[in-house]
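Notes follow once the structure below has been shown.
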Amino acid sequence: MLLISANEVGRRVPQHRAAIEAAQQADVGLLVYTSLLHADTSPLPLADEHKETEQLIRAAAIPFVILRNGWYSENYVASIDSALQLGAVFGSAGEGRIASAACVDYAEAAVAVLTQENQAGRIYELAGDESYSLAEFAAEIARHSGKHIVYHNLPEADYKAALVGAGLPEGLATVLSESDVGASKGGLFDNSHQLSQLIGRPTTSWKVSVENAIKG
């Protein structure tokens, strides 16, 4: 059974508990859960629900695998259109390095543990092979677009306000701004290459994701 973490931040633990109890009742042979990178030590507030869910899984006495997923490159690629319009990437990540990977990479990792033998009990810290700062991300947008794009680092409250002003729901704006601050503290970085080892190929380059988004 693959348990993908729910998307209602702040309400996920009861939802996850229900799924875990259903897995117990169905005598599931292996429960695979998509957690957060370094959930046990992460500075991201998002980690709290993941840590609690991991505890519930251990207490359930079901064979399990924990996939601690890092950031999706798509999280930042989604801001490219705005960056092209405004001439800037905004965030609160400072010089923190982000080792993101594409959604398809994490999906392949889930398939791998669901189909390979002897996976029970493993915890994987999954992240992209390459890392970048948001200043480097802005520079890559500039390189492919031919436009002048810079990175503006903002206080968390200002970045959240900017996201809300751009039309994002307040809850999502909170998650993104808090996560950027967590990135400034190293929360989105990992260089163990466990993801590429698990899927048997290099992770999708964030530079390729930027280029594809700009050039279609």
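Let me check against my output: what whole-number percent is the relative contact order of the chain, with C-alpha pairs under 8 Å and at least 6 apart?
On the way: 387 pairs, mean separation 56.3, N = 216.
In percent, rounded to a whole number, it is 26.
Computed per residue of the chain from DSSP H runs no shorter than four, each worth -39500 (n - 2.57), the mean residue ellipticity at 222 nm is -14500 deg cm²/dmol.
In summary, the lysines within cross-link reach of residue 207, defined as a Cα separation below 27 angstrom excluding same-chain residues under 8 places away, comprise 147, 160, 185, 215. Computed extension gain for residue 18 through residue 139, at 0.36 nm per residue and net of the alpha carbon distance, reaches 39.1 nm.
Count Lys and Arg as plus one, Asp and Glu as minus one, and take only other residues whose Cβ is under 14 Å from that of residue 194; the net charge is then -2. Segment residue 103..residue 74, full-extension length gain: 9.7 nm, with 0.36 nm per residue of separation and the alpha-carbon distance subtracted.
Summed over the residues of the chain and divided among them, the accessible surface reaches 47 Å² per residue at a probe radius of 1.4 Å.
Please state, as a whole number in µm²/s, the translational diffusion coefficient that the Stokes-Einstein equation yields for the stretch 1-112 at 10 °C and 1.306 mPa s, with Rh defined as the Kirkwood radius across alpha carbon pairs.
Values: Rh = 15.7 Å.
After rounding, the answer is 101 µm²/s.
Using θ = phi - 60° in the Karplus curve 6.51 cos²θ - 1.76 cosθ + 1.60, the 3J(HN,Hα) couplings for the stretch 84-97 round to 5, 6, 9, x, 7, 9, 10, x, 10, 8, x, 9, x, 9 Hz; x is entered for Gly and Pro.
Return, ordered by residue number, the residues of the stretch 116-131 whose backbone nitrogen is under 18 Å from a label point located 7 Å along Cα→Cβ of residue 201. It comes to 116, 127-130, nothing else. Peptides 44-57, 63-76 ranked from most to least packed, by the mean per-residue count of other Cβ atoms within 10 Å: 63-76, 44-57. Here r is the Cβ-Cβ distance between residue 161 and residue 117 and R0 is 35 Å; the resulting FRET efficiency, rounded to 0.05, is 0.10.
Per-residue extension of 0.36 nm, minus the Cα-Cα distance of residue 185 and residue 1, leaves a gain of 62.9 nm for this segment.
The values are calculated or read from the model by the stated rules, or taken from the named source; none is laboratory data. Every value quoted in this text rests on a predicted model; they were computed, and no experiment measured them. Positions of Cβ are backbone-derived with ideal geometry, glycine not excepted, and every protein chain shown enters the neighbour counts. Ligands, DNA and RNA are excluded from the accessible area calculation, which covers all protein heavy atoms including side chains. Shrake-Rupley method; radii C 1.70, N 1.55, O 1.52, S 1.80 Å.
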